[in-house]
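Student: Have a look at this one.
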Amino acid sequence: MFITRLISGIVLVIIAFLTIWAGDLVLLATMYLVSLIGFRELTKATKVHADKGFSVFEWLGFAGITAYYVCLYFWGFTTPAMIAIVMTLMTMMAAYVLCFPKFHCDKPISGFFAFFYAPVLLSFLYLTRTLENGVYLVWLIFISSWISDTCAYLVGRAIGKHKLAPVLSPKKSIEGSVGGILGSALVGALYGFCLAKTGVMDITAQIGIFAGIGAAGSVLSQIGDLAASGIKRDHDIKDYGKLIPGHGGIMDRFDSVIATAPIIYFLALYFVQ
């Protein structure tokens, strides 16, 4: 099991590196496919899916995701993308009204949540890459999520005594949470120092900002991780999918990245650029 998980993790890192380094349409297409899968995993978990094939809310979600990513590519995170988000909500509401009382109101609500939670929030990884120096800034997302997870796990195993969320996630501790935040801040600062030292980015005076971004991202990362676990517990499922051997589905592996990407984008946009 550990070997399978390790190999899958290495493959994921390689794919992430190659697609992020390529950027532009390659990264956008990758995020689009990942978003479709993540959306489907969430609709299945929240029972929005149909017994056979796809439900009307899933089809509308797929259309909304496609429209949203097309808007991102041509116009970025501007008015057309906002319109795509709003229209996805409105078409799901229209389907609920026109089909009433076939569907309960939780279907369009959960359908739109699945659309926004995975596809829209994940898109901020691509948006961060489009920023000036985005090829370097985008790695703060992974520092704030995957590095945070690792540090929290190691510190929790070593000295964790006080439960962070005993009902939702009994193995997570307050000490581990603090370790994840401090670990992300430290790695963020070191990453900023390396970028400044090598002359890649002139950010010597902003190393503290990189540390702050790492810490803030870690907090959101942990919230995203716990929220995703809560959804699974509410719907009595172990994993969102089986796509990634040893890890589960897209939502199992990217739950913290989904929560971290937006905050990293906005912090980098306003404090680093």
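Student: (1) surrounded by fewer than 22 Cβ atoms within 10 Å (Cβ to Cβ); (2) over 19 Å from Leu25 (Cα atoms); (3) touching a residue at least 60 places away in the same chain (Cβ under 8 Å): which one isn't true of Ala114, the others all being true?
Tutor: Going through the list (1) surrounded by fewer than 22 Cβ atoms within 10 Å (Cβ to Cβ); (2) over 19 Å from Leu25 (Cα atoms); (3) touching a residue at least 60 places away in the same chain (Cβ under 8 Å), Ala114 breaks only (1).
Student: Next question, about the same structure. Scanning for something over 17 Å from the mean Cα position of the chain (by Cα), assigned by TED's automatic domain parsing to the domain that holds Thr260 and of a type in the set (Ser, Thr, Tyr), does region 79-91 turn up at least one residue?
Tutor: no
Student: What is the one condition in (1) modelled with pLDDT under 95; (2) closer than 25 Å to Arg129 by Cα that Val48 does not satisfy?
Tutor: Every listed condition holds for Val48 apart from (2).
Student: Here's another thing I want to ask about it. Can you find a residue that is among the polar types (S, T, N, Q) and either within 14 Å of Val219 (Cα to Cα) or modelled with pLDDT of 95 or more (or both) anywhere in region 154-172?
Tutor: No: region 154-172 contains no residue that is among the polar types (S, T, N, Q) and either within 14 Å of Val219 (Cα to Cα) or modelled with pLDDT of 95 or more (or both).
Student: In region 67-78, how many are over 18 Å from the mean Cα position of the chain (by Cα) and either touching a residue at least 24 places away in the same chain (Cβ under 8 Å) or not in a helix (DSSP H, G or I) (or both)? Give the steps one after another, and end with the answer.
Tutor: Here is the first cut: in region 67-78, the residues over 18 Å from the mean Cα position of the chain (by Cα) are 67, 70-71, 73-76, 78.
The next check asks that each one be either touching a residue at least 24 places away in the same chain (Cβ under 8 Å) or not in a helix (DSSP H, G or I) (or both); those that pass are 73, 76, 78.
Residues meeting the conditions: 3.
Student: Given (1) assigned by TED's automatic domain parsing to the domain that holds Pro262; (2) farther than 30 Å from Leu27 by Cα, where does Ser145 come up short, assuming only one miss?
Tutor: So Ser145 meets the others, but not (2).
Student: May I ask you to list the residues in region 203-239 that are outside any helix (DSSP H, G or I) and closer than 21 Å to Tyr153 by Cα?
Tutor: Lys238, Asp239
Student: Taking the residues in region 1-60 that are assigned to a helix (DSSP H, G or I) and among the aromatic types (Phe, Trp, Tyr) as candidates, determine which candidate is surrounded by the fewest Cβ atoms within 10 Å (Cβ to Cβ).
Tutor: The residue in question is Phe2.
Student: Please identify the pairs in which a residue from region 23-48 that is charged (D, E, K, R) has its Cβ atom under 6 Å from the Cβ atom of a residue that is not in a helix (DSSP H, G or I), counting only partners at least 6 apart or on another chain.
Tutor: Glu41/Tyr240; Glu41/Gly241; Glu41/Gly249
Every residue, every condition in (1) among the hydroxyl-bearing types (Ser, Thr, Tyr); (2) without any contact (Cβ under 8 Å) to a residue 40 or more places away in the chain; (3) surrounded by fewer than 16 Cβ atoms within 10 Å (Cβ to Cβ), yes or no:
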| residue | (1), (2), (3) |
| --- | --- |
| Val135 | no, no, no |
| Gly160 | no, yes, no |
| Ser169 | yes, no, no |
| Ala189 | no, yes, no |
| Ile207 | no, yes, no |
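The values are calculated or read from the model by the stated rules, or taken from the named source; none is laboratory data. All values reported here derive from a predicted model rather than from experimental measurement. Every residue, glycine among them, receives a Cβ derived from its backbone with ideal geometry; neighbour counts consider all protein chains shown.
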